[in-house]
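Engineer: One structure follows; several queries about it will come next.
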Amino acid sequence: MFGLGFPEIAIILVVVVVFFFGGEKISEIARGLGRFTGEFQKGKTEMEREIQKAQKELKKSGRK
């Protein structure tokens, strides 16, 4: 893509975000993104636990 690497694209995206949202909104956006990431990680962990629990139950019922 025009010979641009990841660092150049990241800089362009940061400039565009600052231009559209302004400097004060960036902290709010980052905070929201952090919360979303945390909630996503919690959901992922819970789903993994449920899958492991179901696998253990299937192994137990299959041995009888």
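Engineer: Nothing charged except the Cβ atoms of Lys and Arg (+1) and of Asp and Glu (-1): what's the magnitude of the dipole of region 1-55 about its Cα centre? Round to the nearest 20 debye. Each step should come with its number before you reach the end.
Structural biologist: Values: 7 positive and 7 negative charges, 37 e Å.
Roughly 180 debye for region 1-55.
Engineer: Could you work out how far helix 6-21 tilts from the main Cα principal axis of the chain, as a 0 to 90 degree angle to the nearest 10?
Structural biologist: Long axis of 6-21 versus the principal axis of the chain: about 70 degrees.
Engineer: Return the calculated 222 nm mean residue ellipticity for the chain, to the nearest 500 deg cm²/dmol, obtained by summing -39500 (n - 2.57) across DSSP H runs with n ≥ 4 and dividing by the residue count.
Structural biologist: Working: 2 runs with 57 residues, N = 64.
Helix-only estimate at 222 nm: -32000 deg cm²/dmol.
Engineer: Working from the alpha-carbon coordinates of the chain, get Rg over Rh, Rh being the Kirkwood radius.
Structural biologist: Numbers: Rg = 21.5 Å, Rh = 15.7 Å.
Rounded to two decimals, Rg/Rh equals 1.37.
Engineer: How tilted is helix 23-63 with respect to the longest principal axis of the chain? Cα atoms for both, answer in degrees (0 to 90, nearest 10).
Structural biologist: Roughly 20 degrees, rounded to the nearest 10.
Engineer: Tell me the label-point distance for the pair Ile9, Glu46, using the 7 Å Cα-to-Cβ offset, in nm and rounded to one decimal.
Structural biologist: Distance between label points: 3.3 nm.
Engineer: On to the next question. May I have the count of lysine pairs in region 6-63 with C-alpha atoms under 23 Å apart, counting pairs 8 or more residues apart or located on different chains? Mind dumping the intermediate values first?
Structural biologist: On the way: Lys42/Lys53; Lys42/Lys56; Lys44/Lys53; Lys44/Lys56; Lys44/Lys59.
Counting lysine pairs in region 6-63 gives 5.
Engineer: In nm, to one decimal, how far is the Phe20 label point from the Leu33 one, both placed 7 Å along Cα→Cβ?
Structural biologist: Placing both labels 7 Å beyond Cα along the Cβ direction yields 1.2 nm.
We did not get these values from a lab; they are worked out from the coordinates using the rules stated. For clarity, every value in this text was computed on a predicted model and none was experimentally measured. Note that each Cβ is placed from the backbone with ideal geometry, even for glycine, and that neighbours are counted across all protein chains shown.
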